[in-house]
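So the structure is just underneath, and the comments pick up after that.
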Amino acid sequence: AARIGGETVIITFYPHPRKIVQHEPLALLNTLDEKLYLLKQNHIDNVIVVPFNEAFAVQTAEEYVKDFLVDKVHPHTIIIGYDHRFGKNRAGDYHTLEAYGALLNFKVKEISQQVLHEVAVSSTQIRKALLAGNIAAANECLDYPYFLEGEVVKGKQIGRTLGYPTANIAVGDKDKLIPAIGVYAVKIDIDGKSFNGMLGISLRPTIEESKDVSVEVNIFDFDKDIYGKKI
């Protein structure tokens, strides 16, 4: 972008296309807010969040390229992952873009399959690692520490009776992937300050007749009231 005096543009879809096309439950590595935060850290100039719905999903690959990418974004160069598919029935791919690029005057580049320790890096691999509690492997693939965010809400306050008060976290997006049940060493960001602590992920007590996952954090050397805060 700098070389041609242009701007970087990331195109993302919300909600996740699989939610609309396949109507299946999701386990997101990043919520939309988290994704925007991470992109901002990487100095992206523009992010286009496309509202993904049934009408958008039934566009042909040709309509998607001509009516959306070219007419709306006016790309100089389009960069996609090696396995990216687009258009109705996922008919479009890198070769489709290459063909239209020659006709409509844009370049196409492909991000190759990244391999780490001879294992393809993919969101599927990262999800498997997190669900197995293997945070180190997930973080190595992500290249940043996996994180959760949410509001501090009133819980059962059982921790207080055990000598270590915990903050009960209501994770903001129900589609966000919660790692395996267990206890984790964490850093906690509160109002721009960082604290050490331990995070407990567990099933809620059966007395509540609920199988929901409980996320509670014990913040070391901290005793302020943070109910209602996002951490």
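The values are calculated or read from the model by the stated rules, or taken from the named source; none is laboratory data. Note that this is a predicted model, so its numbers are computed, not measured. Here Cβ is always computed from backbone atoms with ideal geometry, including for glycine, and neighbour counts include all displayed protein chains. When the accessible area is computed, the model is the full protein with side chains, heavy atoms only, and any ligands, DNA or RNA have been set aside. Shrake-Rupley method; radii C 1.70, N 1.55, O 1.52, S 1.80 Å.
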message: I'd like the chymotrypsin sites (Phe, Trp or Tyr not before Pro) in the range 35-129 restricted to DSSP loop residues with at most 13 other Cβ atoms within 10 Å, sorted by number.
response: 82
field: Shape call, the range 1-107: gyration tensor on alpha carbons, a/c limit 1.5
entry: oblate
- prompt: Projected onto the charge dipole of the range 1-95 (+1 at Lys/Arg Cβ, -1 at Asp/Glu Cβ, origin at the Cα centre), which of 38, 78, 68 gives the Cα projection farthest towards the positive end?
  reply: 38
- prompt: At a Förster radius of 30 Å, what calculated FRET efficiency corresponds to the Cβ-Cβ distance of residue 202 and residue 143, to the nearest 0.05?
  reply: 0.55
message: How high is the relative contact order of the chain? Use alpha-carbon pairs under 8 Å, at least six apart in sequence, and give a whole percent.
response: 15 percent
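Averaged per residue, what accessible area in Å² does the chain show with a 1.4 Å probe, protein chains only?
Numbers: 15120 Å² over 231 residues.
Here the per-residue accessible area is 65 Å².
Quick check for me: using +1 on Lys/Arg Cβ and -1 on Asp/Glu Cβ, what's the dipole size of the range 41-193 about its Cα centre, in debye to the nearest 20?
Working: 16 positive and 19 negative charges, 132 e Å.
Its charge dipole is roughly 640 debye.
To check you understand DSSP bridge types, tell me what percent of the beta bridges within the range 36-151 (both residues inside) are antiparallel, rounded to 5. Write out the running numbers ahead of the final one.
Working: 3 of 8 bridges.
Of the beta bridges lying entirely in the range 36-151, close to 40 percent run antiparallel.
Using R₀ = 22 Å, calculate the FRET efficiency as 1/(1 + (r/R₀)^6) where r is the Cβ-Cβ separation of residue 164 and residue 229; round to 0.05. Don't skip to the answer; put the middle values down first.
On the way: r = 19 Å, r/R0 = 0.87.
Efficiency, from the Cβ-Cβ distance: 0.70.
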- prompt: Roughly what % antiparallel, to the nearest 5, for the DSSP beta bridges in the chain?
  reply: 70 percent
query: For the range 101-185, what is the charge dipole size about the Cα centre, in debye to the nearest 20, if Lys and Arg each add +1 at the Cβ and Asp and Glu each add -1 at the Cβ?
result: 320 debye
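Taking a ≥ b ≥ c as the square roots of the eigenvalues of the Cα gyration tensor of the range 80-184, is the shape rounded (a/c under 1.5), prolate (a/b larger than b/c) or oblate? Mind dumping the intermediate values first?
On the way: a/c = 3.94, a/b = 2.42, b/c = 1.63.
Since a/c reaches 1.5 and a/b is larger than b/c, the shape of the range 80-184 is classed as prolate.
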message: Given the options 133, 218, 26, identify the residue whose Cα lies farthest towards the positive end of the charge dipole of the chain (+1 on Cβ of Lys, Arg; -1 on Cβ of Asp, Glu).
response: 218
message: Can you give me the distance in nm between label points at residue 184 and residue 84, each placed 7 Å from the Cα along the Cα-to-Cβ direction?
response: 2.9 nm
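Dipole magnitude of the range 42-107 about its Cα centre, charges +1 at Lys/Arg Cβ and -1 at Asp/Glu Cβ only, in debye to the nearest 20? Mind showing how you got there, number by number?
Numbers: 6 positive and 9 negative charges, 10 e Å.
Charge dipole, the range 42-107, about its Cα centre: 40 debye, nearest 20.
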task: Quick one: which residues, 5+ away or cross-chain, put their amide H under 5 Å from the amide H of residue 50? H built at 1.01 Å from N.
output: 12, 13, 14
- line: If one builds a Gaussian network model of the chain from Cα atoms under 10 Å apart, the most fluctuating residue listed among 15, 25, 165 is 25
statement: Per the helix-only model, the chain has a calculated mean residue ellipticity at 222 nm (DSSP H runs of ≥4, -39500 (n - 2.57) each, divided over all residues, rounded to the nearest 500) of -6000 deg cm²/dmol
